Amino acid sequence: MEASKTRARAPADCDSDPNSISAARAHQIIRQTISPLAHRESVATRSALGRVAAVDIKSPTQVPNHTNSAMDGYALRAQDLAATGATQLHVLGAAFAGNPFRGEVRAGQCVRIMTGAVLPAGADRVVMQERVERVGEVITVPGGEPAAANVRRAGEDLQVGEVAIAAGRRLAAAHLGLAASLGLAELPVMRRPRVAFFSNGDELRAVGKPLASGEVYDSNRYTLYGMLRAAGVEMVDFGIVADDADALSATLEQAAACADMVITSAGASVGEADYIAQIMRQIGDLKFCKVAMKPGRPMAFGALRESLFFGLPGNPVSVMATFHIFVKPALRLLSGETAAAPLRLQAKTVSALKKRAGRTEYQRGILTNAAADPHNRDAPGATTTTMAVRSTGEQGSGMLRSMGEANCFIVLPAESADVAAGEIVEVQPFAGLW
């Protein structure tokens, strides 16, 4: 199995720094540990949505492959248009997409042409039909015709051999259409990362089972399933594993044997029954186990055999936050995607934000156009290009409902403290983005 290779074991950062490492340092360690998957495969173009291009995909033809009209109108010679006053031209015939005009346009002539039709020989300009008056087979073009040719030149988009889709690009709908326009029935893509995941805890019960006192339903595995499915990876669900060191060790070994990445939720903290970090020290290469962030401080990362390992916290919001902030970029790097960094924007906060200096905080927020946010007192004078963000309210790490309301994280750096309403903050959108 090709995957990130386990490096020589070194003391984990959480051993040398009992307080935790910075979020920036955690990102750096993760990037340094990951090697992209090496395996490539070809898939049908229609099945390539969300996959990562394995090589530069070059155009086998020029695009467009012929000079054509950019709109409905009349094809003519620009030199025939009078410098001042109207011009009258004789209509020779018509050109349609897929059915070109066979003759040549000469002085004083024109051809009715439809969008996408091949530009007739002799013509070099298309006048849009709305600017022309036609009586019988004669058109009148008024003076002052704009200089725009309304013509798409052959090869103006792509030349033969030019890169149409760069290696490392995650393929979107536009890329599928582009590939189809080039006649490509299959595309070379990277193999999907395979991710094994499970929840850890004696108190967890499967959905649909009755709950005894002190027990809770295992929501984290459903959250992870949803985020992993949106990420387009292959998944192996190992279910719920009890707080038993031997069972956890065996499950971690099985998961690492079949996956490129192993994700656990809960068990990475420092409680007496939290075994994940202890086991990883024994059988894997634990890089760190605490990050100076909120939510999500007890997050572990390392390597186990040839697999990457993420030990996510047990609180539901912490699972989602650490997945979006750390796991998602790691999956992008693992899959060979070149654009692995998350989108960050600046927005004006319309909520006062409480913040303790010394840790990076990822507070749940709702990002809108400032003019559309009813909570923004400056909205009447705001422009649609101004972004506003407001807090979802209480930021407890067990309040999963707030993640359903939010569409971004408000990223508050470690050195910052409380933020007053009206200040500019950095936001990381996640709604609608895998």
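Residues of region 373-408 being in contact with a Pro (Cβ under 9 Å, 6 or more places away or on another chain), part of a loop (DSSP other than H, G, I, E, B), over 13 Å from Ser351 (Cβ atoms) and modelled with pLDDT of 60 or more, which ones?
Gly396, Ser397, Met399, Leu400, Asn407
Filter region 322-351 for residues that are small (Gly, Ala, Ser) and either within 16 Å of Ala24 (Cβ to Cβ) or out of contact with any Gly (no Cβ under 9 Å at 6 or more places or on another chain) (or both); which is modelled with the highest pLDDT? Spell out the reasoning first.
Going through region 322-351, the residues small (Gly, Ala, Ser) turn out to be 330, 335-336, 339-341, 347, 351.
From what's left, either within 16 Å of Ala24 (Cβ to Cβ) or out of contact with any Gly (no Cβ under 9 Å at 6 or more places or on another chain) (or both): 330, 340-341.
Details: Ala330: 96, Ala340: 68, Ala341: 78.
Taking the candidates together, the pick is Ala330.
Go through region 41-95 and report how many residues are farther than 30 Å from Val233 by Cα and either modelled with pLDDT under 95 or not in a strand (DSSP E or B) (or both).
Initially, region 41-95 is screened for residues farther than 30 Å from Val233 by Cα, giving 60-95.
Within this subset, residues satisfying the condition of being either modelled with pLDDT under 95 or not in a strand (DSSP E or B) (or both) are 60-67, 70-72, 77-86.
Of the residues in region 41-95, 21 are farther than 30 Å from Val233 by Cα and either modelled with pLDDT under 95 or not in a strand (DSSP E or B) (or both).
So, Arg191, is that one modelled with pLDDT of 90 or more, among the basic types (Lys, Arg) and over 23 Å from Ala38 (Cα atoms) or not?
Answer is no for this residue.
So which residues in region 202-219 are without any contact (Cβ under 8 Å) to a residue 60 or more places away in the chain and assigned to a loop (DSSP other than H, G, I, E, B)?
Glu203, Ala206, Val207, Gly208, Lys209, Pro210, Leu211, Ala212, Ser213, Gly214, Glu215, Asp218
From the list Ala123, Ala83, exactly one residue is hydrophobic (A, V, I, L, M, F, W, C), over 49 Å from the mean Cα position of the chain (by Cα) and under 20 Å from Pro146 (Cβ atoms). Which is it?
On the way: Ala123 fails: over 49 Å from the mean Cα position of the chain (by Cα).
Exactly one of Ala123, Ala83 is hydrophobic (A, V, I, L, M, F, W, C), over 49 Å from the mean Cα position of the chain (by Cα) and under 20 Å from Pro146 (Cβ atoms), namely Ala83.
Considering only residues that are part of a strand (DSSP E or B) and either touching a His at 6+ places or on another chain (Cβ under 9 Å) or of a type outside the set (D, E, K, R) (or both), which ones fall in region 220-255? Outline the logic, then answer.
First, the residues of region 220-255 that are part of a strand (DSSP E or B): 234-241.
Passing the criteria: Met235, Val236, Phe238, Gly239, Ile240, Val241.
Which one of Lys287, Lys328 is assigned to a strand (DSSP E or B) and among the basic types (Lys, Arg)?
Lys287
Out of Arg229, Arg281, I need the residue that is farther than 14 Å from Leu312 by Cβ, over 31 Å from the mean Cα position of the chain (by Cα) and outside the structural domain of Leu412 (by TED's automatic domain parsing). Which one?
Arg281
What tally of residues in region 341-354 results from selecting those that are part of a loop (DSSP other than H, G, I, E, B) and surrounded by fewer than 19 Cβ atoms within 10 Å (Cβ to Cβ)?
6
Is there a residue being of a type in the set (S, T, N, Q) and farther than 30 Å from Ala121 by Cα anywhere in region 46-56?
To start, the set of residues in region 46-56 that are of a type in the set (S, T, N, Q) comprises 47.
After this cut, where a residue has to be farther than 30 Å from Ala121 by Cα as well, the list is 47.
Looking for residues that are of a type in the set (S, T, N, Q) and farther than 30 Å from Ala121 by Cα, one finds at least one in region 46-56, hence yes.
If I ask for residues that are touching a residue at least 60 places away in the same chain (Cβ under 8 Å), outside any loop (DSSP other than H, G, I, E, B) and either outside the structural domain of Leu81 (by TED's automatic domain parsing) or out of contact with any helix residue (DSSP H, G or I) (no Cβ under 9 Å at 6 or more places or on another chain) (or both), which ones from region 140-154 would you list?
Val151, Arg152
Sort out which residues of region 402-420 are surrounded by 15 or more Cβ atoms within 10 Å (Cβ to Cβ) and either farther than 16 Å from Arg356 by Cα or in contact with a His (Cβ under 6 Å, 6 or more places away or on another chain) (or both), and write them in order of number.
Scanning region 402-420 gives Ser402, Met403, Ala406, Asn407, Cys408, Phe409.
Only residues in region 343-371 that are free of Cβ contacts under 8 Å to residues at least 60 places away in the same chain count as the first member; pair them with residues that are of a type in the set (D, E, K, R), Cβ under 6 angstrom, at least 6 apart or cross-chain, and list the lot.
Here the result reads Ile366/Arg390, each pair linking region 343-371 to a residue that is of a type in the set (D, E, K, R).
Scan (1) modelled with pLDDT of 95 or more; (2) assigned to a loop (DSSP other than H, G, I, E, B); (3) not small (Gly, Ala, Ser) for the single condition Glu415 breaks and write down its number.
(1)
Among the residues of region 304-319, how many are within 27 Å of the chain's Cα centre (by Cα), surrounded by fewer than 24 Cβ atoms within 10 Å (Cβ to Cβ), more than 17 Å from Met403 (Cα to Cα) and not aromatic (Phe, Trp, Tyr)?
So the answer is 1.
The values are calculated or read from the model by the stated rules, or taken from the named source; none is laboratory data. Since the structure is predicted, the reported quantities are computational estimates derived from the model, not experimental observations. For neighbour counting, all protein chains shown are included, and Cβ atoms are generated from backbone atoms with ideal geometry for every residue, glycine included.
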